[in-house]
Each structure stands twice: as structure tokens, then as C-alpha cells.
Amino acid sequence: MAVAAPTKLGRLLEATGLFSPQQVEELLRYHQQSGQSITDVVVELGFAKEPEFLEALAGAMSIPYVRIGEEPVESSVLEKLPPKAIFQYNVIPMLLENDVLRVATHDPFNPGLKDALRLASGFRIKLALSTAAELGKAAKKLYGVGADTLDRMMQDGRIEVAEEDDLLSHDISELDQEASVVKFVNQIIWEAYQDRATDIHMEPMELDLRIRYRVDGVLHEAPVPPQLKRFQSAIISRIKVMSNMDIAEKRLPQDGRISLRIRGEEIDVRVNTMPTVYGESVSLRLLARSSGMLGMDKLGLAERDQVVLNKMIRKPHGILLVTGPTGSGKSTSLYAWLHTINSVDKRIITTEDPIEYEMAGVNQVQIRADIGLTFAEGLRNILRQDPDVIMVGEIRDKETAEIAIRAALTGHLVFSTLHTNDSAGAVTRLLDMGIEPFLVASSVECLVAQRLVRQLCKNCKTPWPIDKAILEEAGFDLERLSEGTIYEAAACDECRQTGFNGRTGIYEILVISDHIRPLIISRASSNEIKAEALRQGMFTLRDDGWTKVLGGVTTIEEVIRVSEEDEAFWDE
């Protein structure tokens with residue numbers, strides 16, 4: 001670097017008023033030695049936060065400091081720079097006026113930056129300053145995920161689809177520079193992982209290929225380049241190759257699995273393709289192997305419920321059922337139970353479809369209906385393996401239910417799931433399957449209904465102005481207001497402007513007591529069973545939800561959203 005450059009830079013640093021002469025000298029020395037941008041050096045050494053430094057630097061340089069997103073950028077201005085330049089230099093074009101293009105950057109001293117942008121756009125360049133995080137976020141939002149990759153492929157006029165790629169041999173967060181469909185698919189998965197997504201949906205439409213992520217149980221559309229539809233076949237073929245599917249078969253649904261590594265964490269991706277009018281729809285379920293190993297204390301159980309369940313999962317025999325719709329965390333609860341009681345003196349065997357998380361010390365059986373290994377067949381053979389605890393992924397039919405009950409009556413502890421609205425509804429479902437009432441009453445020990453609610457972001461949640469009319473309409477007991485504070489969602493960078501960060505469970509635990517067994521034998525309705533359970537002290541899903549609202553964990557709207565169906569069922 002020339003001698004004059006540090007001198008000029010040093011004067012600008014002094015002009016910000018943020019640094020002492022000794023700090024300016026240290027910054028310049030570290031900047032020269034490391035080759036990092038001066039902004040990164042200031043932040044790394046802890047002399048100032050990035051927004052604070054850039055705002056002061058913009059004043060010293062007499063150029064604007066901008067907050068990307070506060071003012072809309074015209075699409076015609078965005079088109080003045082190619083996506084390749086946007087992502088390579090982490091810049092955003094803001095304004096075109098009198099043949100001068102104003103471009104936001106976080107590194108105004110990058111040598112050759114203005115010349116490169118001038119050649120790419122054909123306009124004279126003037127700079128503005130903004131933080132690297134805001135620029136990166138704006139680039140993905142305005143140009144779409146992987147826009148630079150698709151732009152380069154279009155310029156090259158070719159599409160590359162690798163037939164073989166050992167994903168476990170490298171970390172997909174370290175994306176290579178080669179422009180290809182391989183890189184684009186990696187970018188999509190990497191972006192979803194960064195957003196804490198559990199699912200990725202690629203949905204072909206007439207003119208677009210829509211990509212959506214499910215984050216905390218809610219779907220969010222991912223910004224993608226407008227030309228993505230052109231690469232639809234290549235992208236889907238690449239995913240099929242990764243998951244060992246038949247790339248020539250486009251008329252039938254297919255299932256596959258991908259194992260990959262992201263930032264040192266191994267991720268299993270379950271893949272399903274489904275033929276639709278405009279091409280194959282692809283769904284990817286992201287399963288981090290480590291995230292399934294939750295303890296009971298991480299499920300969000302109230303203390304009273306945790307005490308009850310800790311007693312129930314240590315019973316010598318009987319059936320414990322978890323109920324709820326798809327995506328309500330039933331499997332996670334079952335794994336937490338197994339993780340809690342897993343020890344060398346217990347033989348635990350599971351039948352699952354699919355095996356979502358691998359557990360050390362547990363014998364897990366993958367159901368293969370295509371070769372006759374169904375839940376019923378697997379469970380029948382497990383009984384010959386001398387198990388102490390059995391987990392059945394789901395009771396789907398009468399045969400499986402009968403074998404599970406027989407196992408419980410012959411001294412085994414059985415965990416399983418059912419798809420019902422509430423806890424009491426599980427009894428009705430078993431009776432509807434054709435199970436005799438006396439068998440249900442004598443084998444089932446506990447029924448757990450659960451839902452997942454989004455947790456408020458701890459960084460930005462704000463107190464909710466109490467509206468008693470809304471609370472009364474939702475069935476909230478106003479006398480409980482003194483128990484805590486009700487919060488509502490706001491938005492910040494930590495929660496990616498959603499107001500929520502993560503999910504927790506709300507629970508309804510129905511213990512089959514001596515008062516409830518006669519009701520089951522007499523085929524009482526689920527409402528009668530639930531009414532008796534409430535008299536015995538059971539808390540409903542919504543009751544547990546209100547406790548979490550008053551604890552500042554979630555919002556009124558979240559509890560209503562996930563428990564509305566259950567409450568409507570109870571009110572009938």
C-alpha cells in the first residue's frame with residue numbers, strides 16, 4: 001500500500017472522533033498487516049461497533065450513511081449492476097442521478113472498487129456507507145438467493161449437473177467458486193439452515209419456481225431470481241442425484257435421503273418428490289442429528305406436568321400415547337422420554353418410519369412396508385427380542401393397536417403416537433379402530449396432547465397493552481393477570497424481523513385414573529372423559545398456553561392459533 005494512502009486514511013479515522021492517536025496508529029498497522037478492510041479491523045479490535053463507525057466515517061468523508069430497506073430502491077436502478085458484482089463486492093446500487101450511480105458499501109477503501117463498479121455498470125460511481133449485514137440481507141432480498149450463481153450460468157450458456165458428489169467429504173457452507181446447479185442447491189440448503197428452517201419446499205408454478213422455508217412452523221417465501229424457472233429441471237435432477245432417486249422417473253412420487261455436513265454438524269435431509277401440473281414438487285425435511293436429543297427439561301413442560309410424566313415414563317408396563325397433528329413435536333417428545341430413561345439395565349427397541357434421530361443404546365428398526373415390514377409386523381417380532389421398553393412410531397391400524405396393547409398387558413412399557421385433536425380423543429380413536437373398551441382401560445396409562453407455539457424473541461419482545469375484551473373472547477381468566485406480564489412480538493435482527501425465535505410445547509396430560517377407567521369401559525364420549533379429567537385437576541392445552549403467555553414465553557395470538565381447533569372441539 002502506498003505511503004499516502006495510510007496518511008489519508010489516518011486523517012479520516014481521526015476525523016471520526018472515535019479513536020485516540022494511539023488507536024489510529026494501531027488500526028493502520030493491523031490494517032496493513034492483515035489486509036482486512038478497515039471496517040473489519042475496527043470491529044475485530046473492539047474499538048467501535050460497525051454502525052457507529054460507518055456513520056462517523058460517512059460524516060468524515062462527506063458521503064451518505066444509509067439504512068438499507070428504509071427507502072425503496074427502484075428496480076431499474078438494481079439492474080444497473082449484475083448480480084455477480086453485487087455478491088462479489090457486497091454492494092447495493094441505491095440511486096441513479098445525472099449518470100452517477102450511488103452505491104452502498106461497507107468498505108469504501110477497497111482498492112479498485114469504484115473502477116470495477118464503473119466498468120460493470122457504465123456509470124460514474126459515488127459511494128454511500130452501510131453495514132455488511134444489511135448489505136448482505138438486502139442482496140438476498142432484492143436479487144434472490146443464488147442470483148450470482150444463476151447469472152454466471154446464464155452468461156456461460158451451460159448447466160452443469162454432477163452425477164456423483166460425496167457430500168460428507170466437504171462442508172457445504174464452504175461453497176466453491178464454480179458456477180453450477182450444484183452450487184445453487186448448496187446455497188438453498190445453506191440459506192435454509194441459517195434461517196433455522198425445518199423444511200424446504202420447491203413448488204413449480206406456471207411461470208415461476210417458488211421456494212419456501214418453514215421456520216418455527218410458519219412458511220416464508222424465499223426471495224429467488226426471476227430466471228429460476230429456466231433451471232427447474234436441472235435443480236430437481238440435482239436433488240434427485242443427491243438423494244439417490246431415479247432422475248428419469250418423473251411420473252411417480254419418490255422418496256430419498258441426503259446426508260451432509262454444515263459447519264461441522266451432520267444433517268439428514270429427507271426428500272420427497274411429487275408430480276404436479278407444472279413439474280415435480282420437491283420437499284426437503286432438514287433433521288439435525290444432535291437436535292433430537294432433548295431432555296425432559298427442554299420440552300417446555302410446566303413443573304407439575306414434568307413431575308407427572310417423569311413418573312409415567314418409569315412405569316414397568318402400560319401404554320403412553322402422544323397425540324396431535326403432524327408437526328406438533330410428537331416424535332421429539334418420544335425421543336426425550338427415551339433419552340431420559342435410557343440406561344444399561346433397560347432394553348429399548350423402536351419401530352419408526354423414518355428413523356429421524358439415531359440414539360446410542362437404543363435398537364431402532366426402520367419400517368419397510370414395501371417388503372412387508374410394517375408397524376404391526378415389526379412390533380410382533382420385537383416382542384420376541386425381550387424388550388423392556390418399546391416405541392412404536394405411530395399406531396395407524398387395529399392390528400398395530402392390538403399388538404401394542406398385548407405388549408403392555410404382558411409387562412412392557414409402550415410409547416406411541418396417534419393423530420387426534422386432544423388427549424381424550426385418543427380413547428375414542430382406539431375404540432373406533434375396533435379395540436375392546438376393557439383392553440383400552442386396562443392398558444393405557446397416560447394420554448398427552450401437545451402443540452408447538454413460537455417463542456418470543458427475548459431481545460425485542462415488548463409488553464402488550466392489555467385489552468380485556470380480547471382476553472375474554474379468547475377465554476382467558478382475567479384474575480390470572482397478576483401472575484405475570486403479557487408480551488407481544490416486535491422485530492429485530494436476532495429474530496430476522498419475525499419477533500419469534502424457536503418453539504416450545506404446550507401440553508394437556510390426561511392420566512387414566514380409577515375414575516376414568518369406568519367411563520372408557522362404558523364407551524363414554526371424549527367430552528365426558530375430558531370433563532372428568534378436568535375435575536381431577538387436568539390442565540387443557542389452552543390453560544398451559546396461558547401460563548406460557550403470562551411467563552413471557554409466547555403471545556396470546558400464538559396460543560389461540562394452535563389451540564383453537566382443540567377448544568372448538570371441547571365447546572361442542
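The values are calculated or read from the model by the stated rules, or taken from the named source; none is laboratory data. If you're wondering where the values come from, they're calculated on a predicted model, not measured in any experiment. Methodologically, a virtual Cβ is constructed for each residue, glycine included, from the backbone with ideal geometry; neighbour enumeration extends over all protein chains shown. Only protein heavy atoms, including side chains, enter the accessible area calculation; ligands, DNA and RNA are left aside. Shrake-Rupley method; radii C 1.70, N 1.55, O 1.52, S 1.80 Å.
A few points about this structure:
- Carbon + sulfur, % of accessible area of the chain - ligands and nucleic acids excluded, 1.4 Å: 48
- Segment 467-572: Cα Rg divided by the 2.2 N^0.38 Å rule of thumb: 1.28
- Computed over the chain, the per-residue total of -39500 (n - 2.57) for DSSP H runs of n ≥ 4 gives a 222 nm mean residue ellipticity of -11000 deg cm²/dmol, rounded to 500.
- Look at the alpha carbon pairs under 8 Å that are at least 6 residues apart: their mean separation over the length of segment 305-461 gives a relative contact order of 35 percent.
- Placing one equal scatterer on every Cα of segment 209-253 and applying the Debye formula, the log10 ratio I(q)/I(0) at q = 0.20, 0.21, 0.28 Å⁻¹ is -0.82, -0.86, -0.97.
- Segment 76-118: relative contact order in percent, alpha carbon pairs under 8 Å with at least 6 residues between: 31
- A simple charge model with +1 on the Cβ of Lys and Arg, -1 on the Cβ of Asp and Glu and nothing else charged puts the dipole of the chain at about 640 debye relative to its Cα centre.
- Cα-based radius of gyration of segment 402-495 once divided by 2.2 N^0.38 Å, which approximates compact folds: 1.70
- Protection proxy ranking, peptides 24-34, 84-94, 311-321, average beta carbon neighbours within 10 Å, highest first: 84-94, 311-321, 24-34
- Computed on the Cα atoms alone, the convex hull of segment 426-472 gives a volume of 153 cubic angstrom per residue.
- When the alpha carbon gyration tensor of segment 1-117 is reduced to an equivalent ellipsoid, its three semi-axes come out at 28, 15, 13 angstrom, largest first.
- Residues Met296, Met433 ordered from highest to lowest accessible area at a 1.4 Å probe: Met433, Met296.
- Pairs exceeding a 24 Å alpha-carbon distance, out of Lys140/Lys458; Lys80/Lys229; Lys141/Lys330; Lys140/Lys183; Lys141/Lys298; Lys183/Lys330: Lys140/Lys458; Lys141/Lys330; Lys141/Lys298; Lys183/Lys330.
- Peptides ranked, highest mean first, by Cβ atoms within 10 Å: ranges 72-81, 191-200: 191-200, 72-81
- Per the Debye formula on identical point scatterers at the alpha carbon atoms of segment 275-375, with no solvent, log10 I(q)/I(0) at q = 0.11, 0.12, 0.17, 0.19 Å⁻¹ is -0.43, -0.51, -0.93, -1.12.
- Three-way shape call for segment 317-407 based on the alpha-carbon gyration tensor, with the a/c threshold at 1.5: rounded
- Amide H contacts for His106 (H built 1.01 Å from N in the peptide plane; partners 5 or more residues away or on another chain; cut-off under 5 Å): Ser130.
- The chain: relative contact order in percent, alpha carbon pairs under 8 Å with at least 6 residues between: 8
- Amide proton proximity set for Gln455, modelled H, under 5 Å, gap of 5+: Asn501, Gly502, Arg503, Thr504
- Across segment 88-97, computed HN-Hα scalar couplings (Karplus, 6.51 cos²θ - 1.76 cosθ + 1.60, θ = phi - 60°) run 5, 9, 6, 10, 9, x, 10, 7, 10, 8 Hz from first to last residue, x flagging Gly and Pro.
- In order along segment 269-275, the Karplus-derived 3J(HN,Hα) couplings, from 6.51 cos²θ - 1.76 cosθ + 1.60 at θ = phi - 60°, round to 10, 8, 10, 9, 10, 9, x Hz, and Gly and Pro are given as x.
- Peptides 437-446, 40-49 ordered by average Cβ neighbours within 10 Å, highest first: 437-446, 40-49
- The amide H of Val444, built 1.01 Å from its N in the peptide plane, has Ile319 as neighbours under 5 Å, considering only residues 5 or more places off or on other chains.
- Using the Cα coordinates of the chain, the gyration tensor eigenvalues translate into equivalent-ellipsoid semi-axes of 53, 30, 22 Å, sorted from longest to shortest.
- Cysteines, the chain, no other Cys beta-carbon under 4.7 Å: Cys446
- Phi angles of segment 294-311 translate, via the Karplus equation with coefficients 6.51, -1.76, 1.60 and θ = phi - 60°, into HN-Hα couplings of 8, x, 4, 6, 9, 7, x, 6, 5, 4, 5, 6, 5, 4, 4, 5, 4, 6 Hz per residue; Gly and Pro are given as x.
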